[in-house]
Amino acid sequence: MRTPPTAGVAGPARGQEELRRCFHEARQTLSALETLGRTGEAATAGQLGLYRILLGHTGRRDLDQAFDDVLGPVLAEQQRRAVPLLETLRVFLDHGRRPRPAATALAIHVNTLYQRLATVDSLLGERWRTPERALELQLLLHLRAAGESLEGMEG
């Protein structure tokens with residue numbers, strides 16, 4: 001089965017300068033589509049939103065490397081203990097670093113959440129809780145999940 005072409009779409013353009021801008025935007029959108037594993041699709045920059053900006057300057061390999069560098073120890077501990085540490089971290093961050101709503105969303109007792117977060121502290125250091133670092137982790141988790149869910153749709 002042949003895979004349809006992948007395309008980044010931009011335009012319309014009038015004149016050479018607008019054409020140059022549209023070409024750059026289309027290439028950036030194409031790069032983001034490829035990084036997300038969305039081969040065989042066409043999209044505009046607006047349809048990709050923030051992903052185009054974040055993924056236009058890096059590839060899937062770079063994203064995987066960043067994930068491994070930053071969250072690899074958490075993933076390894078998760079696999080060793082069979083405890084969903086990455087999901088716990090993602091939900092905690094998604095709920096504004098508020099323990100009770102995160103525990104409720106995970107359907108666990110708040111003390112269980114605190115135990116899991118203590119494990120994350122031991123692996124990443126407590127600095128991960130700063131707003132800047134928490135945002136970086138949240139983006140890594142969401143970008144990784146987006147890439148994985150799109151890969152699953154292909155298969």
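The values are calculated or read from the model by the stated rules, or taken from the named source; none is laboratory data. Please read these numbers as outputs of a predicted model, since none were measured by experiment. Note: ideal-geometry Cβ built from the backbone for every residue, glycine included; neighbour counts use all protein chains shown.
Go through the range 47-109 and tell me which helices (runs of 4 or more DSSP H), entirely inside it, have 3 or more residues that are at pLDDT below 95.
Correct list: 50-55, 60-81.
Among the residues of the range 37-46, count how many are modelled with pLDDT of 85 or more and either on the phi > 0 side of the Ramachandran plot or polar (S, T, N, Q) (or both).
Total satisfying the criteria: 3.
Give me the residue from the range 110-148 that is of a type in the set (S, T, N, Q) and modelled with pLDDT under 95 and, out of that set, farthest from ALA76 (Cα to Cα).
THR130
Could you identify the single residue in THR39, THR44 that is of a type outside the set (A, V, I, L, M) and touching a residue at least 40 places away in the same chain (Cβ under 8 Å)?
Within the list THR39, THR44, the selection yields THR39.
May I ask you to list pairs of residues, at least six apart or on different chains, whose Cβ atoms are under 9 Å apart, with the first in the range 12-24 being more than 16 Å from GLY46 (Cα to Cα) and the second being exposed (fewer than 14 other Cβ atoms within 10 Å of the Cβ) and not charged (D, E, K, R)?
Every condition considered, the pairs that remain are GLU18/GLY11; GLU18/PRO12; LEU19/GLY11.
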